[in-house]
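See structure below.
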Amino acid sequence: MTEFYRPVFTALDEYLGALGQGSCRFDFELIYLNSSSAKAVMMLMDKLEAAAAGGATVDIYWLYDKEDDTMQELGEEFGEDLEAAKFHLEKMAG
Amino acid sequence: MPSHDLFGAEEQTLASAQELIESGRFADLADGKLYAALVKDYQKLLRATRRLMRLSDRNEEQLNALTQEQRRANEIIAEKNKELESLSKKLSKYLSPQIYQSIFTGAQNVEITSNRKKLTIFFSDVVNFTETTDKMESEDLTNLLNRYLTEMTNIALEHGATIDKYIGDAIMVFFGDPESRGVKEDARCCVRMAIAMLKRLRELQTEWLELGAEQPFHLRIGINTGYVTVGNFGSNDRMDYTIIGSCVNATARLEFHAETDGILIGHETYALVKDEVNTEEHEPIKVKALPNPCAVTRCWGCTTTWLARDPSSARSRTASSCYWI
C-alpha cells in the first residue's frame, strides 16, 4: 500500500512545494476505501491543509455517488479536520 | 458497542490533559504550548482511529450484504440450472444422443450448415405392418410400436448409431457422424447392428403375438455406404439434423428390395464387411428416382448389391448374383 501511494505523495509534495501562495484544486472521486487507503487519504488531506495554512488557496472537492452513503459520510468526516483548506462535498449526477 | 464506549479511556485521558492545560500549571509558556500541541495531535490520532474503525465496520457490513446477495443469486442460479437441466433432459428425447451430446458440449453449432461425409446408412421397415396390425386396438398398436422402436433403438445405440428419424414403423439411422470409428468400422458396426436387430425381433415375436398381432413381425433392411450431405436442414426456427443425397435414396431402395428378414447391402458396404460376414451375390438393382445414372452406378458399385442374413444361420449360398451374411 505504501508503495502504491508513495509516488502520489512525492508528486503532491513537489507540486505543493512549488505552489507557494498560488491556488490549487484537488478532487477525490472514490467508490471504495479500505483502512490503509483511508489513512493515505488523511495524509493527503494533511499535506493540502499544511499548504493552505502556509498561504496557498486550496480547494478540496470530495465527489461521491448520489447513492453511496458511505462515501458521503467519509467525506463529511474528512472535511471536519480541515481549517485552512476549503472543503467541498459534492454529489455526482447520474 | 458505540464508539464512545470503546474509546472511553482515551476520552478520559484527553479530558484530564485539557484540564491540565486550563489549570495553568505550566509555568513555562513553551512547555504549555508543546503539551497543547501534543494533546491536539492525540485528538487527531483518536479521530483517525475512530474513523478507520467505522470505515472498517462499514466495509464489513457491505461485504456481508454482498455475500448474502451472492448466496441468494447462487440459489436462484442453481434453481434455474436445475429447471434447465430437467428441460434439456426432456428435449434430449427428441434428439439422437450423439447429436444432443455434440450440441451440448459445443462441438456442433445449431445453425443451418452441412458437410459432405462418407457414412453407412441403414433403413428398416416392418413388412406389411399396416396389414399385420390392422385389427389391433389403437392402444395395443401404440404399445407394440413403442416397444418395437425402443428395442431397436437400444440396439442401435449400443452399436453407436446416430438415429436420424422414425417414420411410423420405419427406422433410419447412420454411422460415421457426428462420431466416426473410421469408414470400415462404421460399416461393420452397422451390419452387426442389423443382425442384432433381426435376432432380437425373433425373440420378441411371441410377446407381440400375445398382444394381438395376427402374424409375426418381419423386417426388411437396407444398408449402404457412400458420400452424403449431413447437417442441419430446415429453417432457423425449426431444423432437423439429417442426411441427404443419392446414397440415402439408394439405401431406401435397397431396403425396399430386401427379402423378408433379410439385409440388402450396397457394394461399398460389402467391400468393407466381406471378411466378417458371409454374403451372397444378388442381382443388380436400378434406382429409378435418381436423376443422374452415373451417380447410381458409382454408389452401387457398378453392378452388384449384396443380400445379408444372420450368420448364426450358417447359411452360405453360392448363387451367382447375391451374397448372404
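Which is part of a strand (DSSP E or B) and in contact with a strand residue (DSSP E or B) (Cβ under 8 Å, 6 or more places away or on another chain), of B:PHE217, B:PHE174?
B:PHE174
If B:SER102 satisfies all but one of (1) open to solvent by less than 60 Å² (accessible area, probe 1.4 Å); (2) assigned to a helix (DSSP H, G or I); (3) more than 30 Å from B:VAL183 (Cβ to Cβ), what's the number of the condition it fails?
(3) is the only condition that B:SER102 fails.
Give the residue that is surrounded by the fewest Cβ atoms within 10 Å (Cβ to Cβ), with candidates limited to residues of region B:222-248 that are out of contact with any Leu (no Cβ under 6 Å at 6 or more places or on another chain) and part of a helix (DSSP H, G or I).
B:VAL248
Residue check, B:LYS118 against (1) in the same structural domain as B:ALA187 (by TED's automatic domain parsing); (2) over 30 Å from B:GLY182 (Cβ atoms), all met but one. Which one?
Evaluating B:LYS118 over (1) in the same structural domain as B:ALA187 (by TED's automatic domain parsing); (2) over 30 Å from B:GLY182 (Cβ atoms) leaves (2) as the failure.
In region A:11-35, how many residues are within 15 Å of the chain's Cα centre (by Cα) and not charged (D, E, K, R)?
Matching residues across region A:11-35 total 12.
State whether the residues of region B:121-130 include one that is assigned by TED's automatic domain parsing to the domain that holds B:HIS159 and part of a helix (DSSP H, G or I).
The answer is yes, given that some residue of region B:121-130 is assigned by TED's automatic domain parsing to the domain that holds B:HIS159 and part of a helix (DSSP H, G or I).
Under 6 Å between Cβ atoms, at least 6 apart or on separate chains: pull out the pairs that start in region B:39-55 with a residue that is over 13 Å from B:ALA17 (Cβ atoms) and facing chain A (nearest Cβ under 9 Å) and end on any residue that is part of a helix (DSSP H, G or I) and of a type in the set (D, E, K, R).
Taking only residues 6 or more apart or on different chains, the pairs are B:ARG51/A:GLU77.
So, of the residues in region B:56-80 that are more than 14 Å from chain A (Cβ to nearest Cβ) and either of a type in the set (Lys, Arg) or surrounded by 12 or more Cβ atoms within 10 Å (Cβ to Cβ) (or both), which turns out to be farthest from A:THR70 (Cα to Cα)?
B:LYS80
List the strands (runs of 3 or more DSSP E) that sit entirely inside chain A and contain at least 2 residues that are among the charged types (D, E, K, R) and more than 14 Å from every other protein chain (Cβ to nearest Cβ).
The strands (runs of 3 or more DSSP E) meeting that bar are A:23-29, A:86-92.
Being surrounded by 15 or more Cβ atoms within 10 Å (Cβ to Cβ) and of a type in the set (Gly, Ala, Ser) is the filter; apply it to region A:45-94 and report the residue that is nearest to B:ARG54 (Cα to Cα).
Top of the filtered list is A:GLY75.
Within region B:120-172, take every residue that is small (Gly, Ala, Ser) and within 25 Å of B:ILE243 (Cα to Cα) and give me the one that is surrounded by the fewest Cβ atoms within 10 Å (Cβ to Cβ).
Going through the qualifying residues, I end up with B:GLY168.
The values are calculated or read from the model by the stated rules, or taken from the named source; none is laboratory data. Note that the structure is predicted; figures quoted are calculated from it, not measured. As a convention, Cβ positions derive from the backbone with ideal geometry for all residues, glycine included, and neighbour counts pool all protein chains shown. To get the accessible areas, we keep the full protein, side chains included, count just its heavy atoms, and leave off ligands, DNA and RNA. Shrake-Rupley method; radii C 1.70, N 1.55, O 1.52, S 1.80 Å.
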